[in-house]
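Shown next, in structure tokens, is the structure this report addresses.
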């Protein structure tokens, strides 16, 4: 068993930073989150804690079992209603993203794509991660939390093996940014693993596949 499969013992989900709350959705797997500001809480997320490619999670109680719905930030948008226009968008132009009509003040929105689920244990770690599509619908005002490194490793360890079974779904949701978000996730996992971890070879293969697909679709990443 590698270090990847033993990190979850140090995890405590009660200490995770709040990123924001859900305000709308584009699909069952694609949600819009309003980022918390100084007036909303004592400890709003810093820029690096809500950056492109940052894994996040939402807590859900389903039939008496607590679950973590796992996701990743794949896009962002600035909203300034007083100007009557929005800031630069990162999504492709023909996608209708981040368009809730009731925003009344300057704010930052981020797009979150769902990746899978895990069970939250009594000691506030996670177990039984799965990269299958989450069956449950999230709700308006659900809190989105920053996902710490230990949780990222635990979620990507399925049957003691590194997995990214959600990758095709993520690339499809992210559209023009599909290759970039896939590479960002891979790079994050690579930094979290030891250099001699055999799972580094798995990441190399996945990275090569992403690069090849991106080259086929548009000539470059």
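The values are calculated or read from the model by the stated rules, or taken from the named source; none is laboratory data. From a predicted model like this one, the values you see are computed outputs, not experimental measurements. Heads up, the Cβs are rebuilt from the backbone with ideal geometry, glycines too, and the neighbour counts pull from every protein chain shown.
Can you tell me which residue among 117, 184, 130 is closer than 23 Å to residue 47 by Cβ and at pLDDT 95 or above?
Step by step, each of 117, 184, 130 is checked, and only 184 is closer than 23 Å to residue 47 by Cβ and at pLDDT 95 or above.
Just one of the numbered conditions (1) surrounded by fewer than 21 Cβ atoms within 10 Å (Cβ to Cβ); (2) under 21 Å from residue 138 (Cα atoms); (3) at pLDDT 95 or above is not true of residue 51; which one?
It is condition (2) that residue 51 fails.
For region 71-100, which positions are touching a helix residue (DSSP H, G or I) at 6+ places or on another chain (Cβ under 7 Å) and either at pLDDT below 55 or over 16 Å from residue 174 (Cα atoms) (or both)? Explain how you work it out, then say what you get.
First, pick out the residues of region 71-100 that are touching a helix residue (DSSP H, G or I) at 6+ places or on another chain (Cβ under 7 Å): 72, 74-75, 90-92, 95.
Once the filter is applied, which keeps residues that are touching a helix residue (DSSP H, G or I) at 6+ places or on another chain (Cβ under 7 Å) and either at pLDDT below 55 or over 16 Å from residue 174 (Cα atoms) (or both), region 71-100 yields 90, 91, 92, 95.
Among the residues that make up region 188-195, is at least one of them farther than 25 Å from residue 125 by Cβ and within 13 Å of the chain's Cα centre (by Cα)?
No: region 188-195 contains no residue that is farther than 25 Å from residue 125 by Cβ and within 13 Å of the chain's Cα centre (by Cα).
Name every residue in region 121-135 that is surrounded by 14 or more Cβ atoms within 10 Å (Cβ to Cβ) and within 17 Å of the chain's Cα centre (by Cα), in order of residue number.
Residues satisfying the conditions are 126, 129, 130, 131, 134.
For region 196-221, which positions are at pLDDT below 90 and assigned to a loop (DSSP other than H, G, I, E, B)?
219, 220, 221
For region 28-53, which positions are farther than 15 Å from residue 116 by Cα and touching a helix residue (DSSP H, G or I) at 6+ places or on another chain (Cβ under 8 Å)? It would help to see each step written out before you state the result.
Taking region 28-53 as the starting set, the residues that turn out to be farther than 15 Å from residue 116 by Cα are 32-53.
Listed by number, the residues that qualify are 52, 53.
Looking at this structure, is residue 27 modelled with pLDDT of 95 or more, more than 14 Å from the chain's Cα centre (by Cα) and exposed (fewer than 15 other Cβ atoms within 10 Å of the Cβ)?
Answer is yes for this residue.
How many residues does region 144-195 contain that are surrounded by 15 or more Cβ atoms within 10 Å (Cβ to Cβ) and part of a strand (DSSP E or B)?
So the count comes out to 6.
Modelled with pLDDT of 95 or more and either surrounded by fewer than 19 Cβ atoms within 10 Å (Cβ to Cβ) or in contact with a strand residue (DSSP E or B) (Cβ under 8 Å, 6 or more places away or on another chain) (or both): does that describe residue 103?
Against the criterion (modelled with pLDDT of 95 or more and either surrounded by fewer than 19 Cβ atoms within 10 Å (Cβ to Cβ) or in contact with a strand residue (DSSP E or B) (Cβ under 8 Å, 6 or more places away or on another chain) (or both)), residue 103 does not qualify.
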